[in-house]
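Some notes on the structure that comes next.
No lab work stands behind these numbers, since they all come straight from the coordinates. Computed from a predicted model, the values in this text were never measured in an experiment. Glycine also receives a Cβ, built like all others from the backbone with ideal geometry; neighbour counts cover every protein chain displayed.
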Amino acid sequence: MSKLKPKLFSVMKTYTKQQFYKDVTAGIIVAIIALPLSIALAIASGVAPEKGLYTAIIGGFLVSFFGGSRVQIAGPTGAFMIIVLGIIEVYGFDGLVIATLMAGIIMIFLGLLKMGSVVKFIPYPIITGFTSGIALVIFSSQINDFFGMNILDLSPHFSGKWIQFFSNINRIDLVTMSIGFLSLTIIIIWPKINRRIPGTLIAIIFTSLIVYFFNLDIATIGSKYGELSSALPVPRFPSITFEKIKLLIEPAFVIAFLGSVESLLSAVVSDGMIGSRHRSNMELVAQGVGNVGSSLFGGIPVTGAIARTVANIKNGGRTPIAGIVHSITLFIMLISLMPLVSHIPLSSLAAVLFVVAYNMSEWREFKTLLKSPMPDTIVLLTTFGLTIFVDLVVAIEVGIMLSMFLFMKRMADVSDVSIKKLDFTEETHLEMINEPKQALDSSLHLAGVQMYQINGPFFFGAANKYVEAIKSIDPTTKYLIIGMKHVPAMDATAIHYFKSSIKICKSKKILLLITGLRNQPKQALQKADVLSKIGEENVFSTIEDALNFIQLTRIDHE
């Protein structure tokens with residue numbers, strides 16, 4: 001069971017000076033990577049650039065301090081871009097603060113209720129569908145800045161955006177586009193030269209210097225947002241009303257869902273890289289605390305960032321100290337470098353987000369899933385399409401509901417009730433019945449014995465088959481054996497129909513016998529007071545025991 005104890009408190013017992021140096025180095029490098037990403041993701045989410053840094057500083061620190069993973073790095077990620085944009089457009093930034101705050105509280109409760117392992121049971125087609133959809137939406141949202149089209153009334157809808165892009169293709173600014181492609185080229189090529197210094201940072205520094213020294217007339221962070229604040233904001237509690245809670249509860253659950261899934265996936269990936277095991281429930285609590293803190297300090301939703309976590313590991317980070325150093329380093333950058341950030345070209349940030357979108361797209365996994373069974377493909381394409389054309393909230397809701405229905409159908413398909421009429425002649429009954437202590441009359445046969453064998457989970461999706469079998473019972477039947485050896489579990493609907501079958505058998509004077517009852521079904525039937533109605537003496541381990549009982553009963557009656 002996952003402990004509710006931060007990893008930081010555990011790892012410090014054996015902490016060494018050598019590991020401290022490695023953690024500090026990794027934390028600084030990850031902060032350098034996070035700086036342009038945090039700014040770019042904030043802008044893409046429709047908020048001021050510094051709010052992305054607030055998120056990485058406050059949220060990142062809290063997640064590292066309280067987290068259940070040794071190496072998790074938290075901050076703003078592309079997965080939240082769509083939902084953040086949608087909330088701000090409808091409810092404003094205060095609405096986003098309230099939704100993020102509520103999402104944090106939801107995540108804390110999920111962790112305290114030990115739901116960490118349950119959250120991970122999200123169908124892979126849903127995760128791939130909405131992450132691929134988000135990637136395409138992120139890519140589309142950056143076309144305007146990358147090509148310098150300067151479309152002011154850009155449509156919020158995917159199809160509307162692309163109609164505007166094609167109708168305004170003559171507005172492409174060649175200088176802006178050149179800076180964008182130069183940034184993209186540096187980001188792609190730089191890792192072949194030096195992997196320790198991120199290519200995104202080199203691209204942004206290089207293109208910013210070009211724009212500044214050559215006085216190029218292209219859009220920059222400063223020209224769009226003006227002077228940027230270098231101060232960390234003081235906490236501000238939003239004005240919360242019951243009406244606002246009702247309006248924002250749905251996006252709050254979506255933020256909690258996305259944050260939980262992405263964080264736990266990141267933790268699982270990191271576990272495989274360092275041979276450790278994260279505490280999923282504690283990680284959920286930490287992510288919740290991080291989102292509460294981020295929202296109160298003017299940030300946006302925070303979650304575990306897989307790319308930054310992997311960078312942390314590859315640079316030697318092995319404890320939460322690296323994540324804490326990452327946040328402290330970003331704070332130093334915030335108070336010292338913000339005046340320089342204003343010179344960053346928006347086309348360079350668009351190039352950074354193009355790469356983020358590509359890495360998020362999981363196109364190889366998407367392509368592989370298209371070869372999966374048809375139900376999985378339907379879930380994948382439905383989630384993907386709804387994410388792009390409708391809404392991320394709707395996409396997740398429909399994806400989960402569709403997965404549930406398809407799962408129930410699959411379980412119903414593998415669950416069946418086979419009917420076996422056991423009418424033994426004198427040549428066969430002695431072979432089937434093993435009762436050495438009782439001499440059986442070879443002229444006796446087991447006419448009127450019928451058996452129903454239930455195979456697979458006995459639940460509401462398959463209970464109708466059992467009902468149909470009971471209704472078609474042979475009127476000459478005197479003994480009905482229900483074989484449950486292959487039933488791993490049953491639910492309330494199955495129990496209800498079981499009770500109905502008891503009444504039917506009693507009305508027709510049929511003795512009901514059960515064989516092969518496993519633990520969960522047995523406990524469920526006992527709790528529902530069904531076994532007492534059947535009679536404990538009519539429950540047997542094997543079919544042979546039940547048949548021996550029938551033989552002995554008939555002999556006694558004769």
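Here are some notes:
- Packing order of peptides 23-34, 287-298, 485-496, highest average first: 287-298, 23-34, 485-496 (average count of other Cβ atoms within 10 Å over each peptide's residues).
- Cα Rg, Dmax (largest Cα-Cα span) when computed across the stretch 442-558, Å: 13.9, 44
- Cα gyration tensor shape for the stretch 362-413, rounded if a/c is under 1.5, else prolate or oblate: oblate
- Note on ILE186, ILE274: ascending count of other Cβ atoms within 10 Å places them as ILE274, ILE186, the fewest first.
- Spatially, the stretch 156-183 and the stretch 476-491 are offset by 66 Å when compared through their Cα centroids.
- Close amide H partners of GLY299, meaning residues 5 or more places away or on another chain with modelled amide H under 5 Å apart, do not exist here.
- Simple label model, 7 Å out from Cα along Cβ direction - ARG518 to ASP413, nm: 2.1 nm
- DSSP beta bridge pairing in the chain, given as percent antiparallel to the nearest 5: 40 percent
- Global geometry of the stretch 220-343, whether rounded, prolate or oblate, following the gyration tensor of its Cα atoms and the 1.5 cut on a/c: oblate
- Centroid-to-centroid separation of the stretch 316-388 and the stretch 509-558 [C-alpha atoms, Å]: 59 Å
- For q = 0.15, 0.16 Å⁻¹, Debye-computed log10 I/I(0) when each Cα of the stretch 267-426 counts as one equal scatterer: -1.23, -1.32
- Along the stretch 201-213 the Karplus relation, 6.51 cos²θ - 1.76 cosθ + 1.60 evaluated at θ = phi - 60°, assigns HN-Hα couplings of 5, 4, 4, 5, 5, 5, 5, 5, 5, 4, 4, 5, 6 Hz to successive residues, with x for each Gly and Pro.
- Bridgeable lysines around LYS13 (alpha carbons under 18 Å apart, same-chain partners fewer than 8 residues away excluded): LYS3, LYS5, LYS22.
- Phi to ³J(HN,Hα) by Karplus 6.51 cos²θ - 1.76 cosθ + 1.60 over the stretch 89-95, Hz, x for Gly, Pro: 4, 9, 10, x, 5, 4, x
- Among the listed pairs LYS114/LYS244; LYS478/LYS506; LYS485/LYS527; LYS161/LYS371, those whose Cα-Cα separation exceeds 21 Å are LYS114/LYS244; LYS161/LYS371.
- Listed peptides 354-365, 311-322, 385-396 appear in the order 311-322, 385-396, 354-365 once ranked by packing, highest mean of other Cβ atoms within 10 Å at the front.
- Of every Cα-Cα pair in the chain, the percent that sits beyond 40 Å: 41 percent
- C-alpha long axis of helix 158-167 to longest principal axis of the chain, angle in °: 40 degrees
- 5 angstrom amide H check on MET451, placed H, neighbours 5+ away: LYS420, LYS421, LEU422, ILE481
- Phi-based couplings in Hz for the stretch 322-337 (Karplus 6.51, -1.76, 1.60; Gly and Pro marked x): 4, x, 5, 4, 4, 5, 5, 4, 5, 5, 4, 5, 4, 7, 10, 10
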